[in-house]
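Encoded as structure tokens, the structure appears first; notes follow it.
The values are calculated or read from the model by the stated rules, or taken from the named source; none is laboratory data. These figures come from a predicted structure and were not determined experimentally. With ideal geometry, Cβ positions are generated from the backbone for all residues, glycine too; neighbour counts draw on all protein chains shown. Surface accessibility is based on the protein's heavy atoms, side chains included, excluding ligands, DNA and RNA. Shrake-Rupley method; radii C 1.70, N 1.55, O 1.52, S 1.80 Å.
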Amino acid sequence: MMGLLYALLSLGAFALLAGVVLAVAQKVFHVEGDPMVDKVDALLPQTQCGQCGYPGCKPYATAVASEGAEVNHCVPGGERTMLAIADLMGVEPKALEQEATAPMVAFVREDECIGCTLCIKACPVDAIIGAPKQYHTVLAAHCTGCELCVEPCPVDCIDMLVKPELIEHWAWPLPKTRRSKLGHERRENHAGHA
Amino acid sequence: MPAMLRNLAQRLGMMAHSFDGGIHPQQHKVSASLHSEACPLASLYTLPMKMHIGSPCSPIVAVGERVLRGQKIAKSEGYLSVPVHAPTSGRILRIEKAAIPHPSGMGIPSIVIEADGDDNEEQILEPINDWHNTDPALLRERVRMCGLAGLGGAVFPTFIKLVQDSRFAIETVILNGIECEPWLTNDHRLMLEYADDILSGLAIMMHMVKTASAIIAIEENKADAALVMREALAARDDMAEVRVVVLPTRYPQGSEKQLIYSLTGREVSAGKLPIHIGVLCLNVGTTRAVYQAVVKAKALTERMVTISGDAIAQPGNLRVRIGTPMRYLFGLRGLENFTGVRILHGGPMMGELLRHPDVPVVKSTNGMLAMREASFMGAHTQEQACIRCGHCSEACPSSLVPNLLVDQCRSDQFEKAEAYNLFDCIECGACSYVCPSNIPLVHYFRYGKGQIAQQRREKVFAEASRERSEYRDQRKERDKQALAAKRKSVRKTHAPKVEVVKENGPTTATDVVNNDKLNKGNIE
């Protein structure tokens, strides 16, 4: 009888202690927000273009991390981003719905600009400067090529140009050999089937 | 000999140090016995605004302006940069983008000079004959002003190597006269013909870095050069502690880190420079240019170039003005039709395959090779599957495992490739050379390095964009709250009146500028 009592008491005491430790740990090690959201967000290209159907990169990251949105909606990120997100979320990769285009940059034809500031308000990364009734211009170094400024422009004076290729940014392509081509096809097929 | 045994023997002092691996390609040094010639003046010279490692220069001359030989025509922007000088007298014809010797075939802003044929020289700089008693900092400034960059091919600004900082004490100066690339003989000829200039340049640099010890490293296949250098050394009384060391002929003996290990038994760690282990390593051509800059007061406007290859009937070594068109040089040597001919800028192992000969000679041009298509490695071979023979690992002078790395690069597993020290690869091409399956290994490594660099750039840009977008969201939130507060106060004072207020305040110029400042540090 005493043995049973000891067992109950010691187990009960242990459970109580464990409960206290867990309660304290929950308070001390509490994490603000969902760490997964930030991890997904870090993989996204931050163009803030909204082509995924969400109003920006962070909202899409939130949707992927906590609402189970598909991993293949990011257009500018391309296949590499899709694979990285799928890998992070532990889900199967999914084929992209839309091909990624070459990186673009917005350009304001200044002599046609009427200075309405609508594009300035639309730019998600503050890459357009100007004041009312003054020419606006795009800071090419900050432009993400999201095209969000094109639509609001009442006089259609914004062009999307292909980002000029710089020699410093030139990278060697894969060697053009039979085998590497096969490897490419194999990879593509793999991504397609999955 | 097995690597472990060799390592042990080296440690016990029974055997000279030597880097791992390496290969013995055919030498083809057909132009070695040919005395150098001055290249006749061309009519047009193209000077790219970046012929060194670092930031590009900006032009300081206008179109139509007359310039003299040695006149500075572009100034350096930023610390890691050296100015550009006119190679001959003439008129600035245009300033525009022009092709440079680069595998991409792309161009960069360049200054084109129409030569007037008089070749008048500018004389502004004073010769420093009494360099023994001159402040090293002044000499260093002279080396920078004269536009010197490593003429071995890497074109690292020379003045940076001649560091004047008490934290980095240089113990030994190493003169690199190895020239391990097949075909090239420009350094060989320099040592034979300008031994005294080279030694004077060495003496100046030893004075600058305050050391008495130096090694002149020459490969076994240039015994005559070693002899000439030894004789020239013996004739001088200020260089008692300078040795000429003859190293076995093995590619890539001339690679900086490998050479330093062969000579001193010390390794330069990954991501570090020779200066971190107290070594200053310079090419013989650069050393001569130091002498010319200091004692002759001449800016770098000329260099030795080997012109050779199996498609060239008359190979040779030419003293060529920087900016000379390559097509003109090939023409001088009887090559005018370029069909079926491939042009290399540099040696066959590490040189760049060019798309066309319409590029100028730049500071890094140690050689120009014209090779027949048929004799080109890879022209008639097909890449086969890796058979795990391990030859590439044995040949790698950086002790990497190329057969593992190549799979990682090919399948875009770049983190893994980095973990396997992809960035320690010096791109010498020894692995591709020995591969029995004809796998272009070094090409895959270049691809991998390029992709990693691009991903890093994208990451930095994305990070900056995120910060800008977050700042914008914060600002919008702040404006909204300010608006709400205003509405509240308005309601209190004129309760019945309905105020129409715009949704969001317009973005002000200050906001954009603030955001710009916020992100300045993150862009590039």
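Observations on the model:
- Among the chymotrypsin sites (Phe, Trp or Tyr not before Pro) in segment B:16-95, those located in a DSSP loop and surrounded by at most 16 other Cβ atoms within 10 Å of their own Cβ are B:TYR79.
- Label-zone membership for segment A:138-165, site A:CYS116, 7 angstrom Cα→C-beta point, backbone N under 13 Å: A:149-158
- For chain B, convex hull volume per residue from C-alpha positions, Å³: 222 Å³
- For B:PHE168 and B:GLU126, the FRET efficiency from 1/(1 + (r/R0)^6), where r spans their Cβ atoms and R0 equals 25 Å, is about 0.30.
- DSSP beta bridges fully contained in the protein assembly as shown are about 65 percent antiparallel.
- Apportionment of accessible area to carbon and sulfur, chain A, percent (1.4 Å): 62 percent
- Summing Lys and Arg as +1 and Asp and Glu as -1 over all other residues whose Cβ lies under 10 Å from the Cβ of B:PHE159 gives a net charge of +3.
- For the pair segment B:385-463 and segment B:75-151, the centres of their Cα atoms are 36 angstrom apart.
- Taking the longest Cα principal axis of chain B as reference, the axis of helix B:195-209 is set at about 40 degrees.
- Percentage relative contact order, chain B, counting C-alpha pairs under 8 Å, at least six apart: 16 percent
- Charge dipole (Cα centre; +1 on Lys/Arg Cβ, -1 on Asp/Glu Cβ; no other charges) of segment B:1-155 amounts to roughly 660 debye.
- Around B:ALA115: net Lys/Arg minus Asp/Glu count, Cβ-Cβ under 12 Å: 0
- Using alpha carbons only: equivalent-ellipsoid semi-axes of segment B:70-222, gyration tensor based, whole Å: 29, 22, 17
- For the chain pair B and A, the buried solvent-accessible surface (1.4 Å probe, both sides summed) amounts to about 3700 Å².
- Net +/- balance of residues flanking B:LYS363 in space, Cβ distance below 12 Å, scoring K and R +1, D and E -1: +2
- Computed from label points 7 Å out along Cα-Cβ, the spacing between B:GLU114 and B:THR339 is 3.3 nm.
- Positive end of the dipole of chain A (Cβ unit charges, origin at the Cα centre): among A:LEU9, A:ALA86, A:ILE167, the Cα lying farthest that way belongs to A:LEU9.
- Contour excess over end-to-end distance, with Cα ends at B:GLU37 and B:LYS210 and 0.36 nm allotted per residue: 58.7 nm
- Length gained on full extension, B:ALA16 to B:GLU231: 75.0 nm, using 0.36 nm per residue less the C-alpha separation.
- Averaged over peptide B:455-466, the number of partner chain Cβ atoms lying within 10 Å of each residue's Cβ comes to 5.
- Estimated FRET transfer efficiency (B:LYS272, A:LYS133; beta-carbon r; R0 56 Å; 0.05): 0.50
- Per residue, segment A:22-137 exposes 55 Å² of accessible surface when a 1.4 Å probe is rolled over the protein heavy atoms with every protein chain present.
- Computed extension gain for A:GLU147 through A:MET2, at 0.36 nm per residue and net of the alpha carbon distance, reaches 44.4 nm.
- For segment A:41-85, GluC sites (Glu not before Pro) are listed when DSSP marks them as loop and at most 11 other Cβ atoms sit within 10 Å of their Cβ; the list is A:GLU67.
- Per-residue average of Cβ from other chains inside 10 Å of A:93-102: 0
- Gaussian network model of chain A, springs between alpha carbon atoms under 10 Å - residue of A:LYS121, A:LYS27, A:LYS163 with greatest fluctuation: A:LYS27
- Note on the protein assembly as shown: the alpha carbon radius of gyration divided by the globular reference 2.2 N^0.38 Å gives 1.18.
- Of B:VAL406, B:ASN317, B:ALA16, farthest towards positive along the dipole that unit charges on Lys, Arg, Asp, Glu beta carbons give chain B: B:VAL406
- Carbon/sulfur fraction of accessible area - chain B, other protein chains in place, 1.4 Å, %: 53 percent
- Span-like helix ranges in chain A, DSSP H, alpha carbon extent 20 angstrom or more, Kyte mean at least 1.0: A:2-28
- Summed over qualifying helices (DSSP H, 4 residues or more, each -39500 (n - 2.57)) and divided by its residue number, the protein assembly as shown shows a 222 nm mean residue ellipticity of -11000 deg cm²/dmol.
- C-alpha long axis of helix B:284-294 to longest principal axis of chain B, angle in °: 70 degrees
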